[in-house]
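The next block holds one structure in the form of structure tokens; read it before the comments.
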Amino acid sequence: MEQESGVEREMGDRLPRTAALLLGTLVLATAFIAAYVGALHRPTPRDVPVGVVRGDQKAQALLDAVRNQTDTLEAVDYGDPAAADDGLLGREVYGVLTTNAEGGFVLTTASAAAPAATDVVVRVLGTAARQAEMPLRVTDEVPVASTDPRGLVPFYLAVGHVLGGYLAATVLGLGNGTAPRGLRRAGLRIAALAAYSLVLGAVGAVVVGPALDVWDHDLLGVGATGALAVFAAAMIASAAQGWLGLFGTGLVMLLLVVLGNPSSGGIYAPEFLPTWLRGMHRWNVPGLVTDLIESVVYFDRRSTGWPVAGLTIWTVLGVAGVLSATLFHARRRGARRTAPAATSTNGPAAG
């Protein structure tokens, strides 16, 4: 009877924790469904940016006419053709509309930034040019690789790196405690995750390079980008788990997976997403990684600045979070160890 009572008490103690875990899982699954279905069930392009040079009256007039009919495109003014070209290669716009010497239009695009967005720009401006009875010539200055015609490989590679970093941190947390027991162990955990990140970054570059032959260039940059992505995700996960335990695991899933993937701009360009998700790719890790991979493979350094800076900031915050959580929990353990001793010492004196 006593043994049965002990089992019942143990089950009673575990029941609230189990119920809380199941409730948290239910909330995450519901959020996953709502985020993905809500963001991707009806992608509608709005305010897709197109560059135009100030003073090019015909091109400006055509874009103004389009804007008066629909909010699909948004004109971005540049002071001169060189600035407009920088905007295209810096991924500020998906195309640049100009007027040529013959009086027709020239639309210069960079489909590697987002093929679906470029298709929208070409279709809308092509229709507008035909209505104006003006010829439109389209050139693609930065095309996507023929092995990735929809431009989805950067997104899926980013998802793999982020998932790998998050899972590695979670496995180490489950096996050794979510918060390292001391700064030395924290340093070892960070070093282990850094080494793991380098390996997974290199593996990802090999998979999309020699293994699948998606890209045959810039593999060193792809590998370095992957390593930074994995390490940033791992540090964020480690910091959240170090401070919040299992709740931190759920929070990381919410940020990196539930909200991160649909808002990354990988499946659809940000201009195709609902308003509440549009700007999120500029700061969430999957979006930063996707942008950085696209920039490394297709564009130049003009478009890598913020993705590198954003991922570096996340990494530094993650490392600081791991170290501060380690110190916090170490002090709590020390306070618990000294509390009984202080009580026994003060007890007789009080008596």
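Worth pointing out:
- Some residue of the range 53-64 being in a strand (DSSP E or B) and in contact with a Ser or Thr (Cβ under 9 Å, 6 or more places away or on another chain): yes
- Put simply, of Ala179, Ala117 the only residue that is in the same structural domain as Ala84 (by TED's automatic domain parsing), touching a residue at least 24 places away in the same chain (Cβ under 8 Å) and more than 22 Å from Leu219 (Cα to Cα) is Ala117.
- Complete set of residues in the range 173-182 that are touching a helix residue (DSSP H, G or I) at 6+ places or on another chain (Cβ under 6 Å) and assigned to a helix (DSSP H, G or I): Gly173
- Yes/no for Ala84 being assigned to a helix (DSSP H, G or I) and modelled with pLDDT under 95: no
- Residue match in the range 142-162 (condition: surrounded by fewer than 18 Cβ atoms within 10 Å (Cβ to Cβ), in contact with a Ser or Thr (Cβ under 6 Å, 6 or more places away or on another chain) and more than 21 Å from Val53 (Cα to Cα)): yes
The rows are residues; the columns are (1) within 18 Å of Ala113 (Cα to Cα); (2) free of Cβ contacts under 8 Å to residues at least 12 places away in the same chain; (3) not assigned by TED's automatic domain parsing to the domain that holds Val258; (4) not aliphatic (A, V, I, L, M).
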site: Leu21; (1), (2), (3), (4): no, no, yes, no
site: Phe32; (1), (2), (3), (4): no, no, yes, yes
site: Pro43; (1), (2), (3), (4): yes, no, yes, yes
site: Ala65; (1), (2), (3), (4): no, no, yes, no
site: Leu73; (1), (2), (3), (4): yes, no, yes, no
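- Filtered by the rule that a residue be surrounded by fewer than 22 Cβ atoms within 10 Å (Cβ to Cβ) and among the polar types (S, T, N, Q), the range 263-284 gives a lone residue, Thr275.
- Subset of the range 19-32 that is over 24 Å from the mean Cα position of the chain (by Cα) and surrounded by 11 or more Cβ atoms within 10 Å (Cβ to Cβ) - its residue that is modelled with the highest pLDDT: Ala20
- In the condition set (1) modelled with pLDDT under 95; (2) part of a helix (DSSP H, G or I); (3) among the small types (Gly, Ala, Ser), Gly103 is compliant with all but (2).
- The listed residue being assigned by TED's automatic domain parsing to the domain that holds Pro180, buried (at least 20 other Cβ atoms within 10 Å of the Cβ), of a type in the set (Gly, Ala, Ser) and in contact with a Ser or Thr (Cβ under 8 Å, 6 or more places away or on another chain), out of Gly287, Gly245, Gly310, Gly260: Gly287
The values are calculated or read from the model by the stated rules, or taken from the named source; none is laboratory data. All of these numbers come straight from a predicted model, not from anything done at the bench. No Cβ is skipped: glycine too gets one built from the backbone with ideal geometry, and neighbour counts run over all protein chains shown.
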